[in-house]
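The values are calculated or read from the model by the stated rules, or taken from the named source; none is laboratory data. The structure displayed is predicted, hence computed values, not measured ones. Here the Cβ is made from the backbone with ideal geometry for all residues, glycine too, and neighbour counts use every protein chain on show. Heads up: the accessible areas ignore ligands, DNA and RNA and are worked out on the full protein's heavy atoms, side chains in. Shrake-Rupley method; radii C 1.70, N 1.55, O 1.52, S 1.80 Å.
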Amino acid sequence: MEKNDFLIYNEAVYRLHDCQTLAELKPALLTQVRLLVPCTYASLIPITRDPETLAAVHGEPVCVPRGFQPVEKAWLEQADQAYTLWMSHAAETMVVRDSEVLAGDNCFSARSYREVYLRHGIVDCVQMNIAWGGQTLSRLALYRTREEGLFTEQDTFCLRALANHINLAWGRCLRGRKESAAAGRSMEELTAEYQLTRREEEILGLVFRELNNEEILEKITISQNTLHKHLQNLYRKCGVSSRLGLLKLRTG
């Protein structure tokens with residue numbers, strides 16, 4: 001690993017462990033991984049288990065850029081036929097590079113390539129399943145176009161080197177969410193009830209950590225005026241008039 005790559009890796013580790021909620025972790029993870037392994041598109045698809053059948057249930061994709069989300073939704077429609085579906089059931093983390101597993105033209109004969117990805121100029125994908133407690137919790141996928149070329153062994157090495165940190169950060173945030181739900185109302189409940197945007201959900205999570213405005217601005221790259229507008233929208237949507245009112249939402 002080159003010196004510059006090591007510095008990026010070290011910064012990525014710090015940013016991941018600095019996240020306290022999944023709402024913070026998901027965009028931070030995609031941003032940091034793309035700095036370490038450059039690519040045009042990246043996505044996270046959360047995975048849960050059906051309590052009766054134990055089948056893997058894929059949730060709403062989080063994508064960078066956001067315009068890539070319809071592509072991943074199209075993949076989800078035929079995920080049951082994907083050759084990497086086994087990764088959604090794996091107990092441990094694996095990193096798979098399509099150009100390595102599907103050598104030659106085989107990748108272009110796969111249905112997901114023919115019907116979903118080729119039209120967007122994608123020629124290679126590297127995937128990692130995020131696992132914690134013996135269960136896969138999410139699918140991380142990075143995509144490159146013809147202009148960028150194929151992923152390399154160095155790219156998969158970088159992901160493997162970061163995997164334990166990703167898993168630990170995800171598991172810690174998930175555990176914190178469960179503890180929060182046990183103590184009061186979950187962020188998902190609040191987001192659904194008050195119809196919060198992704199940014200509003202992120203800011204509310206930081207307010208719940210009792211961060212002041214300056215500390216929030218250090219976490220997210222927006223202006224002070226924009227933060228003020230988001231807070232006013234939160235007050236209006238949640239029917240409160242102060243920061244204290246927002247904090248009381250945690251206990252219902």
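Computed on the chain, with alpha-carbon pairs under 8 angstrom and 6+ residues apart, the relative contact order is 19 percent. Only lysine pairs 8 or more places apart, or on different chains, with alpha-carbon atoms under 20 angstrom apart are counted in the chain, and they number 7.
Among T145, Y41, G121, whose Cα projects farthest towards the positive end of the dipole of the chain, with charges put on the beta-carbon of Lys, Arg (+1) and Asp, Glu (-1)? Checking the options against the dipole of the chain, the answer is Y41. Accessible surface of the chain, 1.4 Å probe: 50 percent of it comes from carbon and sulfur atoms. Averaging 1/r over every pair of different alpha carbons in the range 7-148 and inverting the result gives a Kirkwood radius of 15.7 Å.
Averaging Cα coordinates gives a centre for the range 183-247 and one for the range 32-92; these two points are 27 Å apart. Taking amide H positions as modeled 1.01 Å from N, with prolines and chain starts lacking one, the residues under 5 Å from V123 and 5 or more places away or on another chain are R144, T145, R146. If you plug the beta carbon distance of L7 and F157 into 1/(1 + (r/R0)^6) with R0 = 25 Å, you get a FRET efficiency near 0.95.
If you wrap the tightest convex hull around every Cα atom of the range 27-83 and split its volume per residue, you get 103 Å³. Largest GNM mean-square fluctuation among Y41, Y117, Y83, using the chain with Cα springs under 10 Å: Y83.
Comparing Q127, Q135, Q78 in a Gaussian network model of the chain, where Cα atoms under 10 Å apart are tied by springs, the biggest mean-square fluctuation is seen for Q78.
Amide H to amide H, with H built 1.01 Å from N, M94 comes under 5 Å of N129, counting only residues 5 or more places away or on other chains. Taking one quarter of the surface of the C-alpha convex hull of the chain gives a mean projected area of 14.6 nm². Note that the chain presents 52 Å² accessible area per residue, ligands and nucleic acids not counted, probe 1.4 Å. Farthest towards the positive end of the charge dipole of the chain, among the residues C238, P27, V13, is the Cα of C238, using unit charges on the Cβ of Lys, Arg, Asp and Glu. Of the DSSP H helices in the chain, those that are both long (alpha-carbon extent of 20 Å or more along the helix axis) and hydrophobic (Kyte-Doolittle mean at least 0.5) are 22-36. The mean sequence distance of close C-alpha pairs (under 8 Å, at least 6 residues apart), as a share of the length of the range 137-252, puts its relative contact order at 25 percent. The value of relative contact order for the range 2-71, using C-alpha pairs under 8 Å at least six residues apart, is 24 percent. Rounded to the nearest 20, the size of the Cβ-charge dipole of the chain about its Cα centre is 740 debye, with Lys and Arg at +1 and Asp and Glu at -1.
Mean-square fluctuations from a GNM of the chain, with a 10 angstrom spring cutoff on Cα atoms, peak among V101, V57, V207 at V101. Could you compute the FRET efficiency for T31 and E115, with r as their C-beta to C-beta distance and R0 at 25 Å, rounded to 0.05? The pair T31/E115 has a calculated efficiency of 0.30.
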